[in-house]
1. Does a label point 7 Å from the Cα of residue 297, set along Cα-to-beta-carbon, have any residues of the range 213-234 with amide nitrogen under 15 Å, and which are they?
2. Pairs of Cα atoms under 8 Å, at least six residues apart: use those to get the relative contact order of the range 11-130, whole percent.
3. Can you compute the helix-only [θ] at 222 nm over the chain? Use -39500 (n - 2.57) per DSSP H run of at least 4 residues, normalise by all residues, nearest 500 deg cm²/dmol.
4. DSSP loop (so not H, G, I, E, B), at most 15 other Cβ within 10 Å: list which GluC sites (Glu not before Pro) in the range 1-62 pass both filters.
5. Put a dot 7 Å past each Cα toward the Cβ at residue 25 and residue 171; how far apart are the dots in nm?
6. Counting C-alpha atoms alone, how compact is the chain: give Rg to one decimal and Dmax as a whole number, in angstrom.
7. How about the range 153-244: which trypsin sites (Lys or Arg not before Pro) there are in a DSSP loop, with at most 16 other Cβ atoms within 10 Å of their Cβ?
8. In whole Hz, with x marking every Gly and Pro, tabulate ³J(HN,Hα) for the range 58-69 from phi via Karplus 6.51 cos²θ - 1.76 cosθ + 1.60, θ = phi - 60°.
Amino acid sequence: MDTTMQFQVYGEQALLEDAKSVITDLEKQVSVTDPNSELYRINQEGTGTLTGHAATLMQEALTMCSRTDGALDISIYPIVRAWGFTTGNYQVPDETTIQTLLAQVDYTKIQYDASTGTVTIPEGMTLDLGSIAKGYAGELAADSLRKNGVKSALLNLGGNVQTVGSKPDGSPWEVGIQDPSGDSSMMVLSIRDQAVVTSGGYERYFEQDGQTYWHIMDPATGHPADSGLLSVTIVGDKGSICDGLSTSLFVMGLDKASQLWSQSDDFEAVFVTDSGTVYLTEGLKDQFALTEDYADTKVKVLQR
C-alpha cells in the first residue's frame with residue numbers, strides 16, 4: 001500500500017503490533033509488485049486464488065465497481081501506469097496508447113467465484129485493489145483493536161483515517177480536511193468510531209506544458225478525472241466503502257455523486273468544488289466546522 005502509518009492507540013503495545021500485522025499481511029496478499037503476492041500471480045497467470053481477507057477485499061471491490069457503474073474500476077492499473085503514477089516516470093501518453101489500454105479496462109469481465117476465491121481475468125488485464133485496500137486495512141486494524149478491548153484509537157494510513165470510539169476523555173476525534181488548493185486544514189470533522197477518507201487531485205500529480213495531471217483516472221476516458229471537484233471526503237462505518245467511494249465520487253462529479261448519496265444510507269460526504277464552494281451532506285452538519293482561516297468559505301448543505 002506504500003503509505004505512512006500513524007497510530008494513536010490507548011492500550012497495550014502488543015495490541016498495536018497485532019493491528020499493524022493485519023495490515024502487513026493484507027499487503028503481502030494483494031501487492032501488485034511483490035511476486036509472492038496472490039494478486040501478482042493472478043495478474044501474471046490470468047487466474048489464481050485469493051484467500052482470507054484478500055478474498056473479502058476482492059468481493060467488496062467488485063461490489064463497489066458495480067455500485068458506482070464503473071467510476072471505480074479495479075482493472076484500470078495499466079492506464080495509471082502509462083501516465084507514470086506507479087513508477088514516477090510521469091508522461092502524457094498518446095491517445096492511441098490510451099485507447100489500446102482502455103480496451104482492457106472493464107471490471108465486468110473479471111470472473112470471481114466467492115465460494116473458492118478463484119479469480120480469472122482476460123489476457124492483458126491487470127488488477128489493482130489499491131483504490132479500496134487502505135480503507136479495508138484500516139477497518140481490519142480497527143476491528144482487531146476493538147476485539148482486544150481497545151476503546152480509544154485513531155489510525156491514519158496515508159490520509160485514510162479510522163477511529164475507534166472517542167478520545168479517552170469522551171470527546172470526539174477531530175479530523176482535519178486539507179484545502180485541496182493549499183497546505184492548510186480548511187475544515188474539521190468531529191468523528192466517533194467511524195472512518196474518514198479523502199481523495200483529491202492534490203495528493204499525487206505532475207505538470208507538463210503548463211497543464212496539471214493528477215492520479216485519479218476516469219475509467220471511461222483513460223485521462224485524469226475532470227469532474228469539477230477538487231476533493232471528496234467520505235465518512236462512514238466501513239473504511240473499505242469510504243475508500244472506494246472517495247475515489248469514485250471524485251470521478252463522478254457533484255451531481256451524480258450527490259444522487260448516489262441520496263439513494264444510500266451508509267455514508268456522508270464533503271465535496272470541495274473547483275469554484276471553492278464546499279458541499280456538505282446533511283448528516284455531517286453538526287460534525288463540521290471550518291477552520292479560522294477559511295471562515296468565509298461558502299458552504300451548502302445537501303439534503304435528501
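Please treat every number below as a calculation from the coordinates, not as lab data. Fair warning: this is a prediction, and the values are worked out from it, not measured in the lab. Here Cβ is always computed from backbone atoms with ideal geometry, including for glycine, and neighbour counts include all displayed protein chains.
1. 229-234
2. Relative CO of the range 11-130 lands at 29 percent.
3. Value at 222 nm, helices only, nearest 500: -10000 deg cm²/dmol.
4. Details: sites: 12, 17, 27, 38, 45, 60; in loops: 12.
Passing sites in the range 1-62 are 12.
5. Rounded to a tenth, the inter-label distance reads 3.6 nm.
6. 19.0, 58
7. When the trypsin sites (Lys or Arg not before Pro) of the range 153-244 are filtered for loop state and at most 16 Cβ neighbours within 10 Å, 192, 204 remain.
8. Result, ordered by residue: 4, 4, 5, 5, 5, 4, 5, 4, 5, 4, 9, 6 Hz.
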